[in-house]
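The values are calculated or read from the model by the stated rules, or taken from the named source; none is laboratory data. A quick note: this is a predicted structure, and the numbers were derived from the prediction, not measured. Virtual Cβ from ideal backbone geometry, glycine too; neighbours counted across all protein chains shown.
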Amino acid sequence: MVNSGVKWLKVVKSGDNKMFIGEYKHNLDEKGRLALPAKFRGKLSDGVVITKGLENALVIYTMEEWEKIASDIAKMPYTKVHARAFSRMTLSGANDCKLDRQGRINIPQNLRDFAHLKTNAVVVGVYSRIEVWDTKEWEEYQARTEKDAGQIAEQLDNTSL
């Protein structure tokens, strides 16, 4: 056998990874359904879990990522008041669902109320999770955060930036 000197590379399609990035504006319909960005949908085909997040945003996880999150929450000490509060907020608000044929999920009323969602929403890819924000609250959050970006960055540990 002759070695031709050709090296083989594994080609990975960009849609094969589990990373979510970007910001997308979408509307909720009258039934509380939200279309997720088309570039996210392939990664969500096994279903998702949507729950309460921080800063009044909702968080969407793949089923695989949710299993990791829920397992970590279950390991938190029941004897600690903040652990109980966080686990109650996150787990009691959780709702598993599948995307419909149009790539929409139905957001239950209690989660829409929590996130102050009426009609306009921003869907934000944050690596291993997707956040859903009321448009006005997202814009206000961004303005505050971007103004303080230098101070925020200085407080971070173990960053490679």
Would the range 59-69 turn up any residue that is under 22 Å from GLU139 (Cα atoms) and either among the aliphatic types (A, V, I, L, M) or loosely packed, with under 14 Cβ neighbours inside 10 Å (or both)? yes
Starting from the range 11-33, keep only residues that are modelled with pLDDT of 90 or more and loosely packed, with under 13 Cβ neighbours inside 10 Å, then list their pairs with residues that are in a loop (DSSP other than H, G, I, E, B) and not small (Gly, Ala, Ser) whose Cβ atoms are within a distance under 6 Å, requiring at least 6 positions of separation or different chains. ASN27/THR119
Where residues in the range 112-155 are among the aromatic types (Phe, Trp, Tyr) and more than 23 Å from LYS39 (Cα to Cα), which of them is surrounded by the most Cβ atoms within 10 Å (Cβ to Cβ)? PHE114
So which residues in the range 84-120 are more than 21 Å from MET63 (Cβ to Cβ) and touching a Ser or Thr at 6+ places or on another chain (Cβ under 7 Å)? ASN120
All conditions in (1) without any contact (Cβ under 8 Å) to a residue 40 or more places away in the chain; (2) among the charged types (D, E, K, R); (3) surrounded by 14 or more Cβ atoms within 10 Å (Cβ to Cβ) are true of ASP46 except (3)
On the basis of being in contact with a helix residue (DSSP H, G or I) (Cβ under 8 Å, 6 or more places away or on another chain) and either without any contact (Cβ under 8 Å) to a residue 60 or more places away in the chain or not hydrophobic (A, V, I, L, M, F, W, C) (or both), does SER128 make the cut? yes
